[in-house]
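Here's the structure, in structure tokens; my notes come after.
What follows draws every value from the coordinates through simple rules; no lab data is involved. For clarity, every value in this text was computed on a predicted model and none was experimentally measured. Every residue, glycine as well, gets a Cβ built from its backbone with ideal geometry; the counts of neighbours run over all protein chains shown.
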Amino acid sequence: MKLTIEKLLKQYNHKSVLNEISVHIEQHQIIAFLGASGSGKSTLLRLIAGLEPFQGGSLSVNDHLLDQNDAKIVEHRKCIGFVFQDHNLFNHLTVMDNLLLVLEKVHKRSRVEAIPEIHSLLKDFDLYEHKDKYPHQLSGGQSQRVSIVRALSIKPELILLDEPTSSLDPILTFEVLSAVKKLAEEEIDFVIVTHEIGFAKSVADYIIFMDEGDIIEHGPNSILDNPQSDKLKNFLEKVLPFNQK
Amino acid sequence: MKKIFSFTLALSFFVLLFAFVMTKSIKRDLLFEDYILFRNVILSGWLRTILISLVSILLSLVIGLILYLMQESNSQILYYIAEIHKTLIFSTPLLVIAIVAYYYIGNSFGLKSKFLIGALTLGLYISAYVSDIYKGAIESIHINQWQAAKMFGFNKYQTYRYIIFPQVFKSILPPLAGQFALTVKGSSLLAYLGTTELLNSVNTVMASTLKYPEGFMVVSVGYWIITIPLIIVVRKLEVKVNYKV
């Protein structure tokens with residue numbers, strides 16, 4: 001995936017949460033956004049997704065410049081799979097219908113054609129036996145894995161994952177991260193916002209470290225072994241003792 | 001078993017109270033012959049009460065939705081039309097509205113049918129409450145459902161049609177059933193317009209036979225046959241709907 005960000009400005013009520021940040025990334029499969037809470041990493045992910053408007057600068061994904069015009073941004077979103085912090089599955093639909101609804105109504109796929117594809121994805125992610133359950137009948141880890149399958153089912157250009165394990169216990173976190181790792185093995189391009197430094201280090205090939213709305217450091221995952229800035233050093237010192245791999 | 005015993009005991013309290021009031025205030029036997037004689041008049045009034053309530057609630061479902069959409073639209077004029085309508089209704093007794101609607105509003109629009117004016121008045125009256133039921137139910141849909149819909153490229157119509165309304169439908173059933181019971185009771189006020197619904201039919205018999213206590217009993221039982229099952233349905237639905245998330 002190619003990501004070009006130029007002087008991107010995002011404000012909420014005149015308060016900047018992204019301070020004219022710029023970064024240019026060439027052909028990396030997996031990018032991880034790291035940083036403390038409130039650093040702006042989730043906001044940046046949502047801007048890439050086209051979920052929120054920005055107030056200045058430009059953003060392009062795989063050389064497509066993001067146009068904030070309503071109709072165009074919808075087309076942009078349709079090419080992106082998104083995994084929310086809190087799965088966001090549709091509560092009134094079974095796992096199967098959650099997946100089918102998006103394919104049928106948005107991507108205009110026929111049901112007959114989509115069902116075998118979904119079955120095979122569910123089997124890949126060990127979810128087939130849960131296909132007729134409702135979200136409230138699933139564990140947090142299962143819901144999040146369904147959410148990953150939903151993102152994958154639309155055959156997206158890339159998948160964005162917004163702290164997919166933030167509300168899970170360590171065992172479920174492991175379960176979900178294994179599913180994310182599967183995306184990596186299948187050579188799907190994705191961006192993940194995460195607090196799991198160990199995971200970022202072993203899976204991501206590019207790291208962006210943010211703090212208070214600025215990109216402090218970015219580069220291949222080796223920057224985590226050899227941080228240049230005090231902020232990243234500090235961050236790793238605080239996080240790593242509990243996050244060793 | 002304990003439940004039935006407690007219920008019977010509680011019910012006996014009301015029966016005793018009823019018997020006490022009866023023996024103290026009416027110093028004669030209760031005579032229902034006249035009401036049996038006029039059973040067809042009463043039955044047709046009873047059916048009319050059901051019919052007028054059904055038409056009103058159906059009208060209120062549509063008008064209530066229109067009011068909700070007006071308040072959600074970008075037009076301030078539509079917003080205020082709905083807001084003023086609701087405020088007038090919330091602040092005026094139904095009886096006053098019914099009289100004004102029949103003698104003045106209906107008249108100036110050339111409407112003569114008591115049934116039509118009655119149903120329209122009740123429908124418009126309840127619509128203000130129904131619009132708030134819609135509002136509450138739609139607002140109770142978690143933001144993550146809207147976000148997921150937006151992210152996956154559902155348009156506004158599809159979002160409401162496939163994601164929001166199916167969830168709203170379940171949660172509005174209990175308050176709507178409750179509202180229906182209120183409508184049935186409210187329809188009795190239309191007796192003042194001379195609509196031949198249940199209360200008015202029984203009134204006619206009471207006036208000609210002077211058997212007032214019996215008449216009030218007949219009329220109460222007539223309403224209970226409709227409203228008590230509705231109240232039970234509300235209770236059951238409330239338990240059933242409380243499943244999710």
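Side notes on the structure shown:
- Using C-alpha pairs under 8 Å with a sequence gap of at least 6, the mean separation divided by the residue count of chain B gives a relative contact order of 28 percent.
- The angle between the Cα long axis of helix B:165-186 and the main principal axis of chain B comes to about 30°, on a 0 to 90 degree scale.
- Separation of the A:SER37 and A:HIS64 label points, Cα + 7 Å toward Cβ, nm: 3.4
- Cross-link pairs B:LYS27/B:LYS211; A:LYS78/A:LYS105; A:LYS155/B:LYS150; A:LYS182/B:LYS150 - those with Cα-Cα distance over 20 Å: A:LYS182/B:LYS150
- A:GLY56 long-range amide H proximity, modeled H, under 5 Å: A:LEU9
- Built amide H within the under 5 Å cut-off of A:VAL83, gap 5+: A:LEU160, A:LEU161, A:ASP162
- Shielding by partners, peptide B:152-158 (average Cβ within 10 angstrom, other chains): 6
- Between the range A:15-45 and the range B:62-137, the alpha-carbon centres lie 51 Å apart.
- Each 5 Å bin from zero up to the one holding the largest Cα-Cα distance in the range B:147-215 carries the following percent of pairs: 3, 14, 13, 11, 10, 8, 7, 7, 7, 6, 5, 4, 3, 1.
- Within chain B: Cβ-based charge dipole about Cα centre, in debye rounded to nearest 20 (Lys, Arg +1; Asp, Glu -1): 540
- Point-to-point label distance, B:ILE50-A:GLU75, nm (Cα→Cβ direction, 7 Å offset): 5.7
- Projecting label points 7 angstrom from Cα along Cα→Cβ for A:SER167 and A:SER229 puts them 3.0 nm apart.
- Gyration tensor over the Cα atoms of chain A: the corresponding equivalent ellipsoid has semi-axes (square roots of 5 times the eigenvalues, largest first) of 30, 22, 15 Å.
- Diffusion of the protein assembly as shown by Stokes-Einstein, at 37 °C in a medium of 0.692 mPa s and with Rh set to the Kirkwood radius over alpha-carbon pairs, works out to 120 µm²/s.
- For the range A:19-104, the normalised intensity computed at q = 0.13, 0.19 Å⁻¹ comes to -0.55, -1.07 (log10 of I(q)/I(0), Debye sum over alpha carbons, equal scatterers, no solvent).
- Among A:ARG145, A:ARG77, A:ARG111, the largest mean-square fluctuation in a Gaussian network model of chain A (Cα springs under 10 Å) belongs to A:ARG111.
- Cα centre as origin, Lys/Arg/Asp/Glu Cβ charges: the protein assembly as shown dipole, Debye: 2480
- Rounded to the nearest 10 degrees, the angle from helix B:2-25 to the longest Cα principal axis of chain B is 50 degrees.
- For chain B, built as a Gaussian network whose Cα springs stay under 10 Å, the top-fluctuating residue of B:ALA148, B:ALA19, B:ALA82: B:ALA19
- More than 15 Å apart - percent of Cα-Cα pairs taken over the range B:104-143: 55
- Looking at the protein assembly as shown alone, DSSP beta bridges between its own residues are antiparallel in about 55 percent of cases.
- What the Kirkwood sum gives for the range B:29-241 is a hydrodynamic radius of 19.1 Å, with every pair of different alpha carbons counted.
- Here r is the Cβ-Cβ distance between A:GLU117 and B:LYS135 and R0 is 56 Å; the resulting FRET efficiency, rounded to 0.05, is 0.90.
- Gained length - B:ASN155 relative to B:LEU111, 0.36 nm times residue gap less alpha-carbon distance: 11.7 nm
- In sequence order, calculated HN-Hα J values of the range B:43-53 (Karplus, 6.51, -1.76, 1.60; Hz; x Gly/Pro): 4, 5, x, 4, 5, 5, 4, 5, 4, 5, 5
- Sequence-distant lysines (8 or more away, or on other chains) whose Cα lies within less than 30 Å of A:LYS231: A:LYS2, A:LYS7, A:LYS10, A:LYS15, A:LYS41, A:LYS181, A:LYS201, A:LYS245
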